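*Asks:* One structure is given below, represented as structure tokens, and several questions about it will come after.
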Amino acid sequence: DILDPDEQVRPLCLPCFGVHTRSAATKQKSESSLIDIPPDYAFASFTDLPAQTVARLTRWPKTTPFMLIAGQSGSRKTTSCWALARTLAGKNMRSVYLHLPTARTQWIASQQKDKLLQTWCRHQFLFLDGLHPEQATDGWVVTIETILDTRHREGHPTVITTPASNADISRAYGGSVYSRLSNWFTAVQLPEVDYRVKNGGVACLTVKGGAR
């Protein structure tokens, strides 16, 4: 229930994967020159998602530069990020993917936090995958605020995913982060379906690690 799914965005203004995709092998090799797509997502697409949801997702980045994708575990949040990244790669546009829990660990261990933060802020197209309430330590909350502020101010298209509800984000990250998400980002709520499980518990999508 994160934010208002029908709210129109107002144009304004981690490991880290960068996305570049003619036979299937050639196309995939071309994609890889723009972004290092994990093998599990080499053919990521919007398959099985409702047409209305796909229509909303594919407004990014042209008409919806700031997008928040919300959904339960297994609802294809991460797959949607990589599908969008592949679309950009097909247009020779480079994007960068950050798995936020991993990025947070990297940031905590870094001796050059400011430099790392600046790197994340300056990418033209950025996916921030997995905004989890349990990771909201004080320093990380400020870091998220800075990323959002900088990218919004400079107009760099950004996608954030979360499995959390409005209340969980507001409680964990405070009103400042919640306000930024609710006012700057257009929310897309994915169907309450676990696409990893099909036909009585048989996995239909296998992925390794990270928020999905």
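*Asks:* Using a Förster distance of 25 angstrom, determine the FRET efficiency expected from the C-beta separation of Ala51 and Arg94, and round it to 0.05.
*Replies:* Calculated transfer efficiency: 0.30.
*Asks:* Note down the accessible area of Val188, probe 1.4 Å, to the nearest 10 Å².
*Replies:* 0
*Asks:* Could you give each residue of the range 137-151 its phi-based ³J(HN,Hα) in whole Hz, using Karplus coefficients 6.51, -1.76, 1.60 with θ = phi - 60°, and x for Gly or Pro?
*Replies:* My calculation for the range 137-151 gives 6, 3, x, 6, 4, 4, 4, 4, 4, 5, 4, 4, 4, 5, 5 Hz in order.
*Asks:* List the residues, sorted by chain then number, that are 5 or more residues from Leu131 or on another chain and whose placed amide H is less than 5 Å from its amide H.
*Replies:* Thr161, Thr162
*Asks:* Something else: Taking amide H positions as placed 1.01 Å from N in the peptide plane, with prolines and chain starts having none, which residues 5 or more places from Val188, or on another chain, fall under 5 Å of its amide H?
*Replies:* Hits under the 5 Å cutoff: Leu68, Ile69, Ala70.
*Asks:* Given a 1.4 angstrom probe, I'd like the percentage of the accessible area of the range 105-177 that is carbon and sulfur, rounded to a whole number.
*Replies:* Reported share for carbon and sulfur atoms: 50 percent.
*Asks:* Separate question: Roll a 1.4 Å probe over the protein chains and send me the accessible area per residue for the range 38-187 in Å².
*Replies:* Heavy-atom accessible area per residue stands at 41 Å².
*Asks:* Normalised by the number of residues in the range 109-166, what is the relative contact order in percent for Cα pairs under 8 Å and 6+ residues apart?
*Replies:* Computed over the range 109-166, the figure is 50 percent.
The values are calculated or read from the model by the stated rules, or taken from the named source; none is laboratory data. Please read all numbers here as calculations on a predicted model, not as lab measurements. Positions of Cβ are generated from backbone atoms using ideal geometry, with glycine treated the same way; all protein chains shown enter the neighbour counts. When the accessible area is computed, the model is the full protein with side chains, heavy atoms only, and any ligands, DNA or RNA have been set aside. Shrake-Rupley method; radii C 1.70, N 1.55, O 1.52, S 1.80 Å.
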